[in-house]
Amino acid sequence: MAANEEEVAPSAQLNSEVQDAVATLSNDAPPEAVLQILETDEGKQVFQQMVSMAIAVHEERHSGPLPAPKTLAQYDHVVPGAAERIIQMAEREQAHRHQHDRDVLSLRKAAVDHVKERETRGQRLAGWLSLAVLLVGTYLIWLGQYKIGAGLIASTMVAIAAVFVVRQYKQRSESKPKTEPSEED
């Protein structure tokens, strides 16, 4: 343990000397003292540790729509009122984004409502036309035109059934999850 303590003491002394030398550098003194310390391997190591510590201490991170408060204060120092303008700009951007989202949702709702209304109108029209064809077919049968009346009614009912069958098939195929083709294909 005594050997380790002897090694620590010179390192602490060297660390102190490096700090003193760095302090003299900040006072515009010639860097001769620093150069003498940096000539030794131990001095270089201590200096590298101090630089690493200085870099680690000054690392800052910030996340968000606005700059960090310290940065805002610096902007405000350079241009008085800049911090308030930056905050107002972020608020306007957020209000714009929210309004845009509301507009998109409104357009989607309008599109869905339009499609529903169009389908309802189409179904009503198809129902009325089917009823009219049924009445015309029944009238033709009553007049004695059995083949024409029955053919008109039957063909209309087959066409209506085909529309429903095709629609059901399309809805089922659209609702099925699409699978990716396998590597063997």
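The values are calculated or read from the model by the stated rules, or taken from the named source; none is laboratory data. For clarity, every value in this text was computed on a predicted model and none was experimentally measured. Glycine gets a Cβ as well: all are built from the backbone with ideal geometry, and neighbour counts include every protein chain shown.
Observations, loosely collected:
- Between Ala90, Ala73, Ala82, the distinction of being under 30 Å from Glu60 (Cβ atoms), within 46 Å of the chain's Cα centre (by Cα) and in contact (Cβ under 8 Å) with a residue 24 or more places away in the chain belongs to Ala90 only.
- Qualifying residue in segment 113-121 (condition: over 30 Å from Ser16 (Cα atoms), at pLDDT 90 or above, hydroxyl-bearing (Ser, Thr, Tyr) and loosely packed, with under 11 Cβ neighbours inside 10 Å): yes
- Single residue of Leu134, Leu129, Leu140, Leu152 found to be of a type outside the set (Ser, Thr, Tyr), out of contact with any Phe, Trp or Tyr (no Cβ under 7 Å at 6 or more places or on another chain) and either within 30 Å of Leu66 (Cβ to Cβ) or without any contact (Cβ under 8 Å) to a residue 12 or more places away in the chain (or both): Leu129
- Meets criteria (loosely packed, with under 12 Cβ neighbours inside 10 Å, over 49 Å from the mean Cα position of the chain (by Cα), modelled with pLDDT under 95 and not in a helix (DSSP H, G or I)) for Gly144: yes
- Residue in segment 39-46 that is at pLDDT 90 or above and in contact with a helix residue (DSSP H, G or I) (Cβ under 6 Å, 6 or more places away or on another chain) present: no
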